[in-house]
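Structure record follows, encoded as structure tokens.
The values are calculated or read from the model by the stated rules, or taken from the named source; none is laboratory data. Source: prediction; values computed, not measured. Cβ sites come from the backbone with ideal geometry, for glycine too, and all protein chains shown count toward neighbours.
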Amino acid sequence: MADVSTDTGEERALALDATDDPASRRSDFLIPPAVGGAFPLTAYLAGNSLGLQPRATRAELMADLDAWEEYGVRGHTEADRPWVSYHEALREPSARLVGARPDEVVVMNTLTVNLHLLLASFYRPTSIRHRIVIEDRAFSSDSYAVRSHVALRGHDPETAVLRLRPRPGEDVLRTEDVAKTLHDHAHSIATVLMGGVNYLTGEVMDMAEITAAGHEVGALVGWDLAHAAGNIPLHLHDWDVDFAAWCTYKYLNSGPGAVAGAFIHERHLAEPSTPRLEGWWSTDPASRFEMRPVSEPQHSADAWSLSNPPIFAMGPVRTSLQIFDEVGMDALRARSLRLTAYLRELLDALAQRADIAIVTPADDDHHGAQLSVRVPVDAADLVERLSSNWGVVADDRQPDIVRLAPAPLYCTYHDCWRAAEALSWELKGEAL
Ligand SMILES: *Cc1c(COP(=O)(O)O)cnc(C)c1O
């Protein structure tokens, strides 16, 4: 009999999938058909880039369209889910997801827009304290947002943006090195803005510790949670984070370009000295339609919202958050750790024979669903072949990183096995 613990075969994957796991909600999702390979559906490991469509989303969207058809402008107040208060239905589930008080979160805009609005409030440079700290491997949009804010306030992005680099020969950041950089530049740092989970390496940062280190040197600390929300448990309020933003189309399955989230810590909500960009949705809804010349913002994250929300884009977020509420982040994370550990085991076996290396940290505190794999060939070409030859959907980051993310809501052990098997055939020309 095969030794199950070292068995890299398909049967083991199928056996693992056969055990009931209430955190697996695969039947509630639409899995894209495969363009190649032996299986009808894709092994979809790109949920870190664009999550899949929940089955319930279409009907919910149609209901919102029906309300528009039936009520016209009266839908603002008379639709089953009145549009004026639609975003409020997203508040509590979003707060549960990121570990916030309901007043601390708002769903609005898109991620980069929210970063800009939050930087307008929480990057307050003085001539001495004018620097922003980001990771050298920050997502491009974050880097551009930060640089443009620095320039907008009259500082030089080349000197005012401090980029955190891993040690030579290493791929990921160490918390102690981040803290040391903060202390080394203590008097010049205004704001820290980092990815909670790095998009490239999949590294989960020590958000509580880095936030505390930033506060120690007198900086404000914000987190981009694009790859963290819906992936790992978050406790933004307790971690004392100043601000955060996230998109909802990655692990949160709310569709391409879906509406994003923002968090502002309670202590900033009633602080009159916090500058803020405003619109009519910032003001108290009770007097909003009196069209006064001066706003009367509430002491909640809503004060950061500007416009009446895009209702057809809000419905998919609501539908998706309901699934997260039903499953619960703790159960989801437990399944995620099991799936990713299994995928890592298969890739470790492959690494014995092929020239690949897993860049993502192995300890559970420092990784989420995603494993980033350095490959000895052109990553884009490899990802294309994984799809066309095997029906395995991954994504690449130039030049040599392939990202594989088993999203625990809809991915299976068999998906992980297919991904590793396909990689082995493409790199080694043989079965795993
Ligand atoms: C996905 C992602 C973005 C994308 O920004 P949008 O404004 O949603 O287009 C930005 N930053 C990070 C870290 C991301 O992972």
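Some points to look at:
- Within region 155-197, the set of residues being of a type in the set (Gly, Ala, Ser) and either touching a residue at least 24 places away in the same chain (Cβ under 8 Å) or touching a helix residue (DSSP H, G or I) at 6+ places or on another chain (Cβ under 8 Å) (or both) comprises 160, 179, 186, 188, 190, 195, 196.
- If you go through region 140-198 and keep only what is more than 16 Å from the ligand (Cβ to nearest atom), among the acidic types (Asp, Glu) and either part of a helix (DSSP H, G or I) or not assigned by TED's automatic domain parsing to the domain that holds residue 221 (or both), you end up with 158, 176, 177, 184.
- Every residue from region 246-266 that is within 9 Å of the chain's Cα centre (by Cα) and either away from the ligand (no atom under 11 Å from the Cβ) or outside any loop (DSSP other than H, G, I, E, B) (or both): 246, 252
- Test: residue 120 is assigned by TED's automatic domain parsing to the domain that holds residue 226, surrounded by 19 or more Cβ atoms within 10 Å (Cβ to Cβ) and out of contact with any Ser or Thr (no Cβ under 9 Å at 6 or more places or on another chain): no
- Residue satisfying all of: in region 336-370; part of a helix (DSSP H, G or I) and within 18 Å of the chain's Cα centre (by Cα); nearest to residue 431 (Cα to Cα) among these: 340
- Here residue 86 clears all of (1) modelled with pLDDT of 95 or more; (2) surrounded by 15 or more Cβ atoms within 10 Å (Cβ to Cβ) except the condition numbered (1).
- Residue within region 231-243 that is within 16 Å of the ligand (Cβ to nearest atom), within 19 Å of residue 145 (Cα to Cα) and in contact with an Asp or Glu (Cβ under 9 Å, 6 or more places away or on another chain) present: no
- Scanning region 387-432 for residues that are of a type in the set (Phe, Trp, Tyr) and assigned to a strand (DSSP E or B) gives no hits.
- Residue satisfying condition, being of a type outside the set (Phe, Trp, Tyr), modelled with pLDDT of 95 or more and touching a Ser or Thr at 6+ places or on another chain (Cβ under 7 Å), within set 100, 145, 179: 145
- Pairs meeting the criteria (first residue in region 389-406 and in the same structural domain as residue 172 (by TED's automatic domain parsing), second residue modelled with pLDDT of 95 or more and in a loop (DSSP other than H, G, I, E, B), beta carbons under 7 Å, at least 6 apart or on different chains) are lacking.
- Test: residue in region 101-123 that is hydroxyl-bearing (Ser, Thr, Tyr), in a loop (DSSP other than H, G, I, E, B) and in contact with a helix residue (DSSP H, G or I) (Cβ under 8 Å, 6 or more places away or on another chain): yes
- Qualifying residue in region 131-140 (condition: in contact (Cβ under 8 Å) with a residue 12 or more places away in the chain and farther than 19 Å from residue 181 by Cα): yes
- Pairing each residue of region 212-233 that is at positive phi with any residue that is within 16 Å of the ligand (Cβ to nearest atom), provided the two are 6+ apart or on different chains, yields C-beta distances under 6 Å for 230/251; 230/252.
- Selection count where residues are more than 10 Å from the ligand (Cβ to nearest atom) and assigned to a loop (DSSP other than H, G, I, E, B), scope region 210-228: 3
- Restricting region 267-286 to residues that are under 18 Å from residue 108 (Cβ atoms) and not in a loop (DSSP other than H, G, I, E, B), the residue that is nearest to the ligand (Cβ to nearest atom): 268
- Of all residues in region 242-266, those being of a type outside the set (D, E, K, R) and closer than 14 Å to residue 105 by Cα number 13.
- Residue in region 70-77 that is away from the ligand (no atom under 16 Å from the Cβ) and within 26 Å of residue 208 (Cα to Cα) present: no
- The condition (being in contact with a His (Cβ under 7 Å, 6 or more places away or on another chain), within 22 Å of residue 368 (Cβ to Cβ) and crowded, with 22+ Cβ neighbours inside 10 Å) is satisfied by just one residue among 135, 203: 203.
- For residue 254, the test of being of a type in the set (S, T, N, Q) and closer than 27 Å to residue 53 by Cβ is passed.
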